[in-house]
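The values are calculated or read from the model by the stated rules, or taken from the named source; none is laboratory data. As the structure is a computational prediction, the values presented were derived from the model and not from experiment. Every residue, glycine among them, receives a Cβ derived from its backbone with ideal geometry; neighbour counts consider all protein chains shown.
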Amino acid sequence: MHPVIESISEDGLIPHIQTLSSDEFQGRSPSSPGEEKTLDYLQDQFKQLGLHPGNGESYLQEVPLVKMASDHDEIMKISGEKTSLELQYKNDMVANTRRMVESVALEDSELVFAGYGIVAPEYDWNDYENLDVEGKTVIVLVNDPGYATEDPELFTGEAMTYYGRWTYKCEEAARQGAAGVLIVHETGPAGYPWEVVRNSFSGPQFYMESEDKNMSRPVIEGWITTETAERLFQEAGLEFPTMKRRALAEDFAAPSLGLTVSYSIRNTIEHSVSHNVMAVLPGAEQPEEYVIYSAHWDHFGVDEEGRIYNGARDNATGLAAMLEIARAYTELPEPPKRSILFLPVTAEERGLLGSEYYGTHPVKPLDRSVAAINMDALNIWGPTRDITVIGYGNSELDEYVDAVAEQQGRYVRPDPEPEKGRFYRMDHFSFAKEGLPALATEHGVDHAEHGEDWMIERIDEWTEENYHKPSDMFDADEWDLSGAVDDTRMYFQVGYELANTETFPNWREGTEFKAKRDAMLGSGS
C-alpha cells in the first residue's frame with residue numbers, strides 16, 4: 001500500500017458529502033440550477049488540486065439531453081366485454097413515452113401477456129415466437145426465467161442477465177412492433193420496491209437526443225403493480241401465479257387477455273445540455289494512456305411537492321470518494337506513469353445517460369484507456385471483512401481487487417444478490433458495453449463487528465426507507481464512514497496499480513465484451 005493512502009479519511013469525505021447533499025444544491029438534477037452549483041463545486045475542487053482540464057481547455061463535456069415533462073391521464077382505462085377497470089397513476093401504474101412529440105395515445109390497444117418478453121437465441125428462448133404484437137400492448141414479467149427457477153442451467157440461474165432488465169424489455173417490445181409495454185413490478189425480481197418505480201418514473205424524464213425522435217419506441221412504456229396484474233388476469237379469467245409458472249415452459253403460448261388499454265400523455269419538450277466533468281492528473285511516462293475514475297453527480301432534484309431529493313449516499317458519497325482520491329494522487333511524491341482521468345458523469349439516475357454519452361463520444365480514446373473504476377453509494381454502516389465485486393469473474397480487474405483486499409485483511413466476494421441486476425444498473429456498464437474493462441464494487445456484507453445478518457438487514461432497511469427518496473440525507477449520528485474509507489483506499493490503490501502497470505487488462509473468455517476489447521487493442525486473444 002502506498003503511504004499516501006493513509007491520508008484518505010472520514011474527515012476528508014464528510015465535508016464533500018455534506019455540501020453536495022445540502023438543500024443548496026437542490027437535489028443535483030441535470031439541466032437545473034442544482035447542476036450549475038454542482039459543476040461549479042467540482043470544477044473548483046479540481047482546480048484547487050491543480051488538476052488539468054480534461055476536455056481541451058475545459059473541465060466540461062456537453063451532453064445533449066431532452067427533458068420531457070408530461071401531463072398524464074390520471075386514469076388508465078382497461079376495457080373488456082364485461083369489464084371496465086380504472087388504473088390510478090402512481091398507485092396502480094406508472095407510464096411514460098420516449099416519443100419526442102407533443103402528445104401520444106393508446107386507444108383500445110389489445111393486451112397480450114408475453115411472458116418475460118425475451119428473445120435470447122443463445123439460451124434458445126423466444127417469448128415472441130409465433131406471436132404478432134404489432135399495434136398491441138404487451139404485459140411482461142421483470143427479471144428472467146433463471147431467477148424464477150433458480151436453475152443454473154436456465155439463463156444464468158439466479159443472477160440477472162441483461163434480458164431481465166426493464167430497459168431490455170422495452171427495447172425488445174419496440175423491435176417486435178408493440179404499441180405499448182407494461183412491466184409487472186415485483187419487489188424481489190426487480191430488486192427494489194414500488195416506491196422506487198413511482199418516484200423514478202414520474203415527474204420530468206430525461207433522454208438522449210435521437211435522430212428519429214424515438215418514434216421507433218412503443219407509444220407507452222410503463223409499469224404496473226403486482227396487485228394490478230392480478231386484477232387484470234382475474235378479469236381475463238386467468239390466475240396470475242398460474243400464468244407466471246406457464247411462462248417458464250418451453251411451449252408457452254402467449255395468450256390475449258381479451259382486454260384493451262387506453263391511455264394518453266401530453267408532453268412539454270425541452271432540449272437542454274447537461275455536462276460530464278473531466279479533470280486529469282497527467283502521467284509521468286505514458287500521459288496518453290488513462291485510468292478512469294467515474295461517479296455520477298446527479299440525483300432527482302425537487303419533486304412536484306417541493307421535496308428535495310438530496311442524494312447523500314446516492315451519490316454524494318461516490319463524489320466525495322473521487323475528490324479524496326484525487327487529493328491523494330496530487331500528494332504523491334511523483335505522479336503515476338499513466339494519466340488519471342476523474343470523470344463525474346451526469347444523468348445516471350435517468351438511465352446512465354452521461355456515462356453512455358462518454359462511452360460513445362470518448363474524449364480520451366478508449367483504446368488508450370486502461371480501465372474504468374466506478375464509485376456509487378458507499379458504505380455508511382462501518383467496516384466489513386469483505387468487499388463485493390459486481391460481475392466478479394468477468395474481467396482481469398478482479399485480480400487487482402483481490403490483491404488490495406488481501407493487503408487490507410479482507411476478502412472479495414461476488415454480488416450476494418445477483419438477481420437484482422446491479423451490473424446493468426451502474427455507470428461502469430456504459431464503459432463495459434463499449435469494450436473497456438470496468439470495475440464496480442459495493443460495500444461488503446460481512447460486518448466486522450455485527451456479521452452478515454445485521455449488515456444485510458441494514459442494507460435492506462435503507463433500500464426500503466431511503467433509496468431514491470427525499471430521506472436519503474447525511475446523518476452524522478447514524479452514519480459510520482469507516483467502511484467507506486476502507487473502500488475508498490481500495491479504489492485508490494487499484495487505480496494506482498493500473499496506472500503503473502505495463503499491461504492493459506481485458507475481459508475474461510466468454511464475456512460479451514471481450515471481442516470488442518480485442519478488436520480495440522488489435523488483439524486476437
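Go through the range 382-394 residue by residue and tally those that are crowded, with 24+ Cβ neighbours inside 10 Å and not β-branched (Val, Ile, Thr). The qualifying residues number 1. When we screen Ala320, Ala377 for residues that are touching a residue at least 40 places away in the same chain (Cβ under 8 Å), in the same structural domain as Glu461 (by TED's automatic domain parsing), assigned to a loop (DSSP other than H, G, I, E, B) and not aromatic (Phe, Trp, Tyr), the only hit is Ala377. Residue pairs, Cβ under 7 Å, 6 or more apart or interchain, first in the range 1-12 and modelled with pLDDT under 95, second assigned to a loop (DSSP other than H, G, I, E, B) and of a type in the set (A, V, I, L, M). List them. Cβ pairs passing all conditions: Val4/Leu332.
In the list Gly50, Gly12, which residue meets the criterion of being at positive phi and either more than 24 Å from the chain's Cα centre (by Cα) or acidic (Asp, Glu) (or both)? It is Gly50. Being touching a Gly at 6+ places or on another chain (Cβ under 8 Å), under 29 Å from Glu81 (Cα atoms), outside the structural domain of His299 (by TED's automatic domain parsing) and at pLDDT below 95 is true of Ala236.
For the range 460-485, the set of residues classified as under 29 Å from Val4 (Cβ atoms), among the hydrophobic types (A, V, I, L, M, F, W, C) and touching a helix residue (DSSP H, G or I) at 6+ places or on another chain (Cβ under 7 Å) consists of Phe474, Leu481, Ala484, Val485, listed by residue number. Among the residues of the range 347-376, those identified as touching an Asp or Glu at 6+ places or on another chain (Cβ under 8 Å) and of a type in the set (Asp, Glu) are Glu348, Glu349, Asp376. Only one of the numbered conditions (1) over 20 Å from Trp223 (Cα atoms); (2) more than 29 Å from the chain's Cα centre (by Cα) is violated by Tyr123, and that is (2).
All conditions in (1) out of contact with any helix residue (DSSP H, G or I) (no Cβ under 9 Å at 6 or more places or on another chain); (2) farther than 25 Å from Tyr207 by Cα; (3) not assigned by TED's automatic domain parsing to the domain that holds Gln176 hold for Leu51, with the sole exception of (1). In the range 226-250, the residue that is farthest from Thr260 (Cα to Cα) out of those that are in contact (Cβ under 8 Å) with a residue 24 or more places away in the chain and hydroxyl-bearing (Ser, Thr, Tyr) is Thr226. Restricting the range 459-498 to residues that are among the charged types (D, E, K, R) and over 21 Å from the mean Cα position of the chain (by Cα), the residue that is surrounded by the most Cβ atoms within 10 Å (Cβ to Cβ) is Arg489. Here the range 134-182 is the region considered, the condition is being of a type in the set (Ser, Thr, Tyr), closer than 21 Å to Leu353 by Cβ and touching a Phe, Trp or Tyr at 6+ places or on another chain (Cβ under 6 Å), and the residue that is modelled with the lowest pLDDT is Tyr162. Could you say whether any residue in the range 130-145 is among the polar types (S, T, N, Q) and in contact with a Leu (Cβ under 8 Å, 6 or more places away or on another chain)? Yes, the range 130-145 contains a residue that is among the polar types (S, T, N, Q) and in contact with a Leu (Cβ under 8 Å, 6 or more places away or on another chain).
Regarding Thr488, is this residue touching a helix residue (DSSP H, G or I) at 6+ places or on another chain (Cβ under 7 Å) and either on the phi > 0 side of the Ramachandran plot or in contact (Cβ under 8 Å) with a residue 12 or more places away in the chain (or both)? Considered against the rule, which asks whether it is touching a helix residue (DSSP H, G or I) at 6+ places or on another chain (Cβ under 7 Å) and either on the phi > 0 side of the Ramachandran plot or in contact (Cβ under 8 Å) with a residue 12 or more places away in the chain (or both), Thr488 comes out as yes.
The numbered conditions (1) under 30 Å from Ala114 (Cβ atoms); (2) crowded, with 24+ Cβ neighbours inside 10 Å; (3) of a type in the set (D, E, K, R) are all true for Arg313 except (1).
Among the conditions (1) assigned to a loop (DSSP other than H, G, I, E, B); (2) over 24 Å from Glu396 (Cα atoms); (3) out of contact with any His (no Cβ under 6 Å at 6 or more places or on another chain), Ala328 misses just one, which is (1).
Among the residues of the range 56-67, is any surrounded by fewer than 20 Cβ atoms within 10 Å (Cβ to Cβ) and closer than 30 Å to Ala236 by Cα? For the range 56-67, residues surrounded by fewer than 20 Cβ atoms within 10 Å (Cβ to Cβ) and closer than 30 Å to Ala236 by Cα: absent. Taken residue by residue, the range 342-351 has no member that is surrounded by fewer than 21 Cβ atoms within 10 Å (Cβ to Cβ), assigned by TED's automatic domain parsing to the domain that holds Leu49 and part of a helix (DSSP H, G or I).
Just one residue in the set Tyr290, Tyr263 is within 30 Å of Glu502 (Cβ to Cβ), outside any loop (DSSP other than H, G, I, E, B) and of a type in the set (Ser, Thr, Tyr); that residue is Tyr290. Close contacts from the range 393-408, counting a first residue that is part of a helix (DSSP H, G or I) and a second that is among the hydroxyl-bearing types (Ser, Thr, Tyr), with Cβ to Cβ under 7 Å and a gap of 6+ residues or different chains, come to Asp398/Tyr392; Val401/Thr441; Ala405/Tyr411.
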